[in-house]
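**Q** Let me give you the structure first, and then I'll get to my questions.
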Amino acid sequence: MTFVAIARRLGGVVLALALMGSSAGDSHACGVFVRNAATVRVPSLHVEEVLVIHDADEQRQHFIRRVTFRDAAEPFGFVIPTPSRPEVAKVSGDPFSRLSTRFLPYRPPLSGLDAASGSGADPAKPPAAVQVLSTKRVGSFDAFVIAANDAAAMTRWLDERKLGTTSSTEAWLARYVRLGFHFVALRYAPPQNAEGATTRAETVRISFSTAVPYYPYMEPAGAPVASPRSLVVWVVGDRKFVPVALASQRTPARWKRPWASRQSGQLERDDLRDVLGAELFALVSNRPRHFVEVFEDQKTRRDGWGDVLLVPSAPITTTERQRKALEPMMPLLDPELAKP
Amino acid sequence: MTRARGVALVLLLGAVACRREAAPGERHDGSSGAPPPARSAVTFDEDEGAPLGPAATASHEERKRAVVALLEGRMDVDGLALADTDADRALVPDQYDKLTRAVLATAGASPQAKIPATISTRVTEVADADRAGVERRLEARRESIERCYQVALAEVEHAAGTIELRVTRSPDFSNVSPKRSGSIPQSMVDCVMRHFGAANIGRVDKGTVMFAVRFEFRPK
């Protein structure tokens, strides 16, 4: 997955950008930054829930993630890399409860909270190497869709907006800049009386084009251990998939399956509509049946793990054009392929 | 099919430890028209035959073809190592349940247990193979087979029956023939095959080894 959380113990999030003042910057490996970590209680996210809907025909992915956080008295944020220009939207309702009821014994501890949606976030003027393609209010977050061709410029842009970065954050960003990825930066500003606030959950959809389902899983180097930690990923697609990532903890790097498969099955459209709800069901392809798979991960840290690609579990036939579309994703499985 | 043509096909498929089954509507040779990656582009597990990762010595084009094969499902991805506690601080099977129960305690819900089931395994034939080695490989796949059965039980209530696999392997030929009985769904056979593909039964330098194994599945 590609969430970069900006707050300190935001488990499972890739890179967190804290909005704290430039003087602050208590940064942590997970990309979480808070102004004064000793006195501030930062978001905690030990249970992550993600729904990936992939339409192979349209080569379109919808990445739906429930962001759960508590004690969010400090501003924080996430940066999520995507292989193509994303669209960001709030998801109403609570698809994860229905998904977990249907497919897993697991029930998340929170119900989604309705949050006001709107627009009007400050459209920052970026340096030339960083383009803010859109800004939008998504629930409690300001969502910035960003294209960058210079990691240093991207880092400056984040810093200028009080989204603290560190050397590991910059290196993390640089990798995606080199690959030509886009970014979604979600910035949360707590309400004034948020100290000791109750736990909140909001669901955000990020949609983008990709030939192969993608999960931004990599974290900045040295992210803190979050234990216990659980990631549950539901995948709805036209076929079955196997999650694969490049594991570089040792040399040489190896392809591995980073997540355990919990369940898989097929659903008719009517069943799928019941589970997803009308809003998300509108995103699935028109095929009469869809595979639904559930994967799970309890890694407390992700050092050395690259992003996850969901590869077909059985051979597929591709056209030359489709094969060409795979190329931007290839360096995720073999970094040598990023070299000319 | 002549032996030469048969060997050529096997070499083609074996180059990337191809799968043996294809989804409906997909080509059964597992190819997409793309040239298969050279075997030298990928490193394989010496013992299990599963792909490990890109080979450092491969050319750029070879590496690219290897990754395309992976992204097109033409590699034995189920043979890829699963992150585990010892190697990667990764998956602890019970941890999910423990964590889930903790979460559920908060949420006031109750977890659903695995469906109680019995799986018995018997090696019925061995020819020119080490029985202990065969049994060791079977044991290594026990957990995967159990998962296949749990999925089958979710799909077909009270699914029960047997799956028999007959495995033959020589340096240039591999084959696994499955046979099912009872109410075991084909999807479960496919699942077992994925975890028991010929590419995963170990390397044979010369001669031919064969063994047959019978799994019996029944819910408790």
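**Q** Would you mind calculating the gained length between A:R289 and A:Q249 on full extension (0.36 nm times residue separation, minus the Cα-Cα distance), in nm to one decimal?
**A** Working: separation 40, 0.36 × 40 = 14.40 nm, distance 3.88 nm.
Length gained, A:R289 through A:Q249: 10.5 nm.
**Q** What number comes out for the charge environment of A:R323, summing +1 per Lys or Arg and -1 per Asp or Glu over other residues with Cβ under 13 Å away?
**A** Local charge sum for A:R323: +2.
**Q** Near the amide H of A:S92, under 5 Å away, which other amide H atoms are found, from residues 5 or more places off or on another chain, if H is placed in the peptide plane?
**A** Placed amide hydrogens put nothing under 5 Å from A:S92.
**Q** Just to confirm a number: summing +1 for Lys and Arg and -1 for Asp and Glu over residues other than A:G180 whose beta-carbon lies under 15 angstrom from that of A:G180, what do you get?
**A** +2
**Q** If each residue's Cβ is checked for other Cβ atoms within 10 Å, how do A:H182, A:H54 rank with the fewest at the top?
**A** Taking fewest neighbouring Cβ atoms as first place, the list is A:H182, A:H54.
**Q** While we're on this one: On full extension of the chain, what length is gained from B:S120 through B:T162, given 0.36 nm per residue of separation minus the C-alpha to C-alpha distance? Display every interim value, and only then the final one.
**A** Details: separation 42, 0.36 × 42 = 15.12 nm, distance 0.94 nm.
So the chain would gain 14.2 nm between B:S120 and B:T162.
**Q** Check which residues have an amide H placed less than 5 Å from A:Q266's amide H, if you skip close sequence neighbours.
**A** Long-range HN contacts for A:Q266: A:V292.
**Q** So, R0 is 30 Å and r is the distance between the beta-carbons of B:D205 and A:T319; what FRET efficiency does that work out to, to 0.05?
**A** Numbers: r = 40 Å, r/R0 = 1.32.
The value I calculate is 0.15.
**Q** If you don't mind, another one. If each of A:E160 and B:S59 carries a label point 7 Å out from its Cα toward its Cβ, how far apart are those two points in nm?
**A** A separation of 4.6 nm, rounded to one decimal place.
**Q** Another question about this same structure. Could you list, in their original order, any pairs among A:K90/A:K299; B:K179/B:K206; A:K240/A:K324; A:K299/B:K220 whose Cα atoms are separated by more than 31 Å? Please report the intermediate quantities before stating the final value.
**A** Details: A:K90/A:K299 28 Å; B:K179/B:K206 27 Å; A:K240/A:K324 22 Å; A:K299/B:K220 33 Å.
The pairs that break the limit, which is 31 Å between Cα atoms, are A:K299/B:K220.
Readers should treat all values here as calculations from the given coordinates under stated rules, not as data from a laboratory. Treat the numbers as computed from the prediction; the structure is a model and nothing was measured. Here Cβ is always computed from backbone atoms with ideal geometry, including for glycine, and neighbour counts include all displayed protein chains.
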